[in-house]
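The values are calculated or read from the model by the stated rules, or taken from the named source; none is laboratory data. No experiment lies behind these values; they were computed from the predicted model shown. Note that we place each Cβ from the backbone using ideal geometry, even for glycine, and neighbour counts take in every protein chain shown. Note: accessible area is taken over every heavy atom of the protein model, side chains too, but ligands, DNA and RNA are not part of it. Shrake-Rupley method; radii C 1.70, N 1.55, O 1.52, S 1.80 Å.
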Amino acid sequence: MDLDAARRLLATHGQAHLLDFWPRLDEARRAALLADIAQIDLPLCDRLVASHVRRSEPAALPARIEPVEIWPATPDAARQDVYRRARELGEEAVRAGRVAAFMVAGGQGTRLGFDGPKGMFSVSPVRGATLFQLFAEGLARAGERWGRPIPWYIMTSDANHDDTVRYFSANRHFGLSEDDVRFFQQGMMPAFFPDGRIVLAEPHRVALSPDGHGGSLRALAASGALDDMRRRGVEVLSYFQVDNPLVQMVDPLFIGLHLLTGSEMSSKAVTKAHDLERVGNFCRADGKVAVIEYSDLPESLARARNADGGRRFDAGSLAIHVLSREFIERLTTPGSAVELPWHRAEKKVPTIDADGRPVSPDRPNAIKLEMFIFDAIPLARNPLVLYTRREEEFSPVKNAEGDDSPATARRDMIRRAARWLEAAGVAVPRGADGEPAAKVEVSPRLALDADDLRARLRKRPELRPGDAVVIE
Ligand code: UTP
């Protein structure tokens with residue numbers, strides 16, 4: 001894009017101010033600014049300014065919100081056979097190369113405040129392995145266990161792509177074949193002032209941020225990743241987020257249930273810790289399976305009880321899904337592409353004043369728009385929701401301290417490793433409070449779950465209180 005084209009385009013869309021500092025910029029900065037402008041979908045921005053920026057009414061709630069059927073974590077007698085068949089089917093699909101792992105890692109990780117891609121955060125309790133390393137080790141073990149390398153698609157964004165790719169190269173992809181690790185970038189969206197003007201972060205930079213994990217669907221299509229999957233014979237994507245070190249990245253039971261029930265998008269849920277827990281809620285919304293955010297679910301429903309005293313809406317979303325490739329193709333086919341809804345958030349976005357000097361707002365000054373992956377669920381045929389156990393599979397690193405922080409993730413990794421070791425016959429010292437008194441870490445390269453560990457543990461370690469031990 002050259003200056004004239006940019007000027008014309010911006011004027012048409014009421015965003016001419018993005019070039020206000022042009023006369024002061026050197027060549028490199030001018031090029032950077034034009035590159036930022038070229039990334040903006042201005043017709044889309046016009047639409048969203050009218051619908052989401054200038055107006056701020058909350059999205060209308062569905063008229064009917066009802067509980068949805070959730071498959072149990074452990075099958076009752078009637079379902080044992082179905083679960084056994086599902087597990088076999090899932091394993092078969094992995095063995096046949098029909099399953100890929102899909103990790104979204106394009107977020108900015110603002111709450112954690114770590115300087116770098118979140119995947120490079122050192123999280124494991126003894127070795128200090130990073131999130132990326134843990135996932136790579138787990139996928140290497142999964143490939144070995146099922147006799148077939150599992151392709152791994154990693155979504156990054158402009159905010160962290162180069163650092164991520166460099167990190168994997170520097171670590172030789174942690175032993176995975178380079179050909180099986182594919183990176184692609186998601187789209188970016190500008191931030192808006194409440195009057196609809198796009199925010200400049202610097203005189204030569206637009207305030208752009210990733211378009212949300214829901215942007216992964218169009219990014220899969222636009223980047224060619226979907227074509228790559230089709231060429232490789234990948235039919236099913238096992239979706240997870242970079243911040244959850246406990247995730248079972250490739251779960252044959254979950255994949256098998258997805259296939260067996262003809263689901264296009266499946267999700268894992270956990271029993272909520274309390275009525276108002278800050279997780280999305282699985283519901284049937286106007287007849288369709290959907291996730292309603294904790295902030296949108298009316299408190300009376302969040303607190304509602306069944307006749308037996310159980311919580312009426314008890315299934316919290318973990319952001320773990322299985323998606324069929326054909327479903328994503330259907331949603332992203334040019335001409336008939338389905339747009340996921342946009343969510344509006346008021347944020348503090350660093351900007352500049354009329355003289356180009358930096359301004360750090362102390363309260364929200366701008367609006368960011370994002371798409372969420374779970375909004376694809378109501379568009380899917382036969383969506384399936386499966387309960388899993390929180391302590392086995394969910395402990396995200398979101399905040400620097402407190403809940404969902406590195407400290408809670410490390411604690412939960414130690415607790416899980418201790419349980420797996422005990423199931424394998426190892427005596428784990430425990431304190432009076434029942435917590436493990438030794439720091440134990442099971443390398444995902446050795447074992448992916450308790451059964452895997454029991455089968456592969458060569459020697460039972462002697463653990464003493466205060467020990468810090470890696471089982472690998
Ligand atoms: P979060 O919603 O927790 O956002 O992302 P975040 O950007 O990581 O962190 P905060 O909110 O700035 O503190 C959940 C998952 O979705 C990915 C993240 O990388 C993480 O794996 N994500 C989020 C994307 O890939 N792209 C996005 O645009 C947003």
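Rundown of residues vs (1) at pLDDT below 95; (2) part of a helix (DSSP H, G or I); (3) in contact with a Cys (Cβ under 9 Å, 6 or more places away or on another chain), yes/no style:
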residue	(1), (2), (3)
Leu34	no, yes, no
Val49	no, yes, no
Pro58	yes, no, no
Arg79	no, yes, no
Val82	no, yes, no
Leu89	no, yes, no
Glu92	no, yes, no
Ala101	no, no, no
Gly119	no, yes, no
Residue check, Thr110 under 20 Å from Lys398 (Cβ atoms), assigned to a helix (DSSP H, G or I) and within 13 Å of the ligand (Cβ to nearest atom): no
Selected residue (only one of Val242, Val247, Val236, Val279 is aliphatic (A, V, I, L, M) and more than 16 Å from the ligand (Cβ to nearest atom)): Val236
Arg55 being touching a strand residue (DSSP E or B) at 6+ places or on another chain (Cβ under 8 Å), open to solvent by 60 Å² or more (accessible area, probe 1.4 Å) and of a type outside the set (Phe, Trp, Tyr): no
Filter pass, Asp412 being modelled with pLDDT of 95 or more, open to solvent by 50 Å² or more (accessible area, probe 1.4 Å), closer than 29 Å to Phe174 by Cα and not basic (Lys, Arg): no
Hits in segment 77-107 (condition: within 12 Å of the ligand (Cβ to nearest atom) and among the small types (Gly, Ala, Ser)): Ala105, Gly106, Gly107
Total residues in segment 416-436, condition over 20 Å from Arg456 (Cβ atoms) and surrounded by fewer than 17 Cβ atoms within 10 Å (Cβ to Cβ): 7
Answer from Val270, Val234 - the residue that is touching a residue at least 12 places away in the same chain (Cβ under 8 Å) and either more than 26 Å from Glu326 (Cα to Cα) or buried (at least 23 other Cβ atoms within 10 Å of the Cβ) (or both): Val270
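Condition (residue is of a type in the set (Val, Ile, Thr) and away from the ligand (no atom under 16 Å from the Cβ)) applied to segment 393-406: is it met by at least one residue?
No, every residue in segment 393-406 fails to be of a type in the set (Val, Ile, Thr) and away from the ligand (no atom under 16 Å from the Cβ).
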Candidates Asp353, Asp375 - the one that is out of contact with any Ser or Thr (no Cβ under 8 Å at 6 or more places or on another chain), in contact (Cβ under 8 Å) with a residue 60 or more places away in the chain and acidic (Asp, Glu): Asp375
